[in-house]
Amino acid sequence: MPNALFVVSEEGYWGEECTTPLTMLSDAGVDITVATPSGSPPVIDERSIDPDEVGEETAEEVTEIHESDERLNDPIPVATADASDYDLVAIPGGHGTEWDVNQDRHARALLVDAVSGDEGKGYVVCHAAGILAFAREEDGSPFVEDRDVTGFPNAWEEGIVDDHDRMPDGRKLPYWVEDEVEAAGGNWDAELDADTSVTVDGDLVTARGPGSSAAGGEKLLEELDIE
């Protein structure tokens, strides 16, 4: 069966965007390894396990997986991973990715190598789509140039940050994903009128946000030829 590497943030990953595809792939027999930038356990965005934010059922399910899943609690350092060892490199979102995963040169290389390899695939969700703006091909050209992608839209960011781009926890958001991806040449469409948004461009799969987590997982199973 295929195997997958999940690269998860230590600065705040959005629970559902990680646990939903992780569970779906695991249930289908995919062997999953978790990596974080330093090798320390990932940190969850508290809003993604707040019942008032995501509902009691989702909050309970995500909390249980976050606390008990051995793979999440014993990750490897991103720098020690090799994309050629995996059929899929998946990067769940959450605002935290803007401070660590998206800026990690090893994480960027893993994604580029996975998509550029003979058989690998890459998957990014929500704010993790920001990594596309900073990743580069071997010749230095933007990885996302002329690729069709989706991710966390400006229209949603406006409802979260204040006029100075400060998050509810006081941290200043360093950039807006949609702006950076478009500036790097990506063909951005968050399909705001649709309930879910998942885009496939070659071996790159992108998903818009939490509500597209299950649809993203289904698309990954399809891309990996798992019924």
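Scan the stretch 48-90 for residues that are over 26 Å from D104 (Cα atoms) and either small (G, A, S) or not in a helix (DSSP H, G or I) (or both) and the total you get is 4. Scanning the stretch 172-191 for residues that are over 22 Å from R47 (Cα atoms) and either exposed (fewer than 11 other Cβ atoms within 10 Å of the Cβ) or not small (G, A, S) (or both) yields a count of 8. E157 satisfies every condition listed in (1) without any contact (Cβ under 8 Å) to a residue 24 or more places away in the chain; (2) open to solvent by 50 Å² or more (accessible area, probe 1.4 Å) except (2).
In this structure, D169 does not qualify as of a type outside the set (A, V, I, L, M, F, W, C), open to solvent by 30 Å² or more (accessible area, probe 1.4 Å), out of contact with any helix residue (DSSP H, G or I) (no Cβ under 8 Å at 6 or more places or on another chain) and over 20 Å from C18 (Cβ atoms). Confirm whether P75 is open to solvent by 40 Å² or more (accessible area, probe 1.4 Å) and closer than 27 Å to L173 by Cβ. For P75, the condition - open to solvent by 40 Å² or more (accessible area, probe 1.4 Å) and closer than 27 Å to L173 by Cβ - is not met. In the stretch 89-103, of all residues being hydrophobic (A, V, I, L, M, F, W, C) and within 12 Å of the chain's Cα centre (by Cα), the one that is nearest to M167 (Cα to Cα) corresponds to V101. Among the candidates S141, S212, S197, which residue alone is open to solvent by 30 Å² or more (accessible area, probe 1.4 Å) and of a type in the set (S, T, N, Q)? When all the criteria are applied, what remains is S141. Count of the stretch 20-35 residues, restricted to those that are within 11 Å of R71 (Cα to Cα) and either in contact (Cβ under 8 Å) with a residue 60 or more places away in the chain or crowded, with 20+ Cβ neighbours inside 10 Å (or both), is 4. When restricted to residues that are in contact with an Asp or Glu (Cβ under 7 Å, 6 or more places away or on another chain), open to solvent by less than 70 Å² (accessible area, probe 1.4 Å) and among the hydrophobic types (A, V, I, L, M, F, W, C), the stretch 81-121 contains 3. Evaluate the following for L88: is it out of contact with any Gly (no Cβ under 6 Å at 6 or more places or on another chain) and in contact (Cβ under 8 Å) with a residue 24 or more places away in the chain? Here the answer is yes, as L88 does meet what is asked. Residues in the stretch 91-103 that are of a type in the set (A, V, I, L, M, F, W, C) and either assigned to a helix (DSSP H, G or I) or out of contact with any strand residue (DSSP E or B) (no Cβ under 6 Å at 6 or more places or on another chain) (or both): W99, V101. On the stretch given as the stretch 51-72, residues that are over 14 Å from T19 (Cβ atoms) and surrounded by 13 or more Cβ atoms within 10 Å (Cβ to Cβ) total 1.
Quickly run through the stretch 1-19 and pick out the residues that are open to solvent by 40 Å² or more (accessible area, probe 1.4 Å) and assigned to a helix (DSSP H, G or I). Within the stretch 1-19, just E16 meets the criteria. Of the numbered conditions (1) open to solvent by 40 Å² or more (accessible area, probe 1.4 Å); (2) touching a residue at least 24 places away in the same chain (Cβ under 8 Å); (3) farther than 28 Å from N3 by Cβ, E218 fails exactly one; give the number of that condition. Looking at each condition in turn, E218 falls short on (3).
In this structure, G151 does satisfy being farther than 19 Å from I44 by Cβ, touching a His at 6+ places or on another chain (Cβ under 9 Å) and buried (at least 22 other Cβ atoms within 10 Å of the Cβ).
The values are calculated or read from the model by the stated rules, or taken from the named source; none is laboratory data. None of the values given here were measured: they were computed from a predicted structure. So basically every Cβ, Gly included, is an ideal-geometry build from the backbone, and we count neighbours across all protein chains shown. The area values use the complete protein model at the heavy-atom level, side chains included, leaving out ligands, DNA and RNA. Shrake-Rupley method; radii C 1.70, N 1.55, O 1.52, S 1.80 Å.
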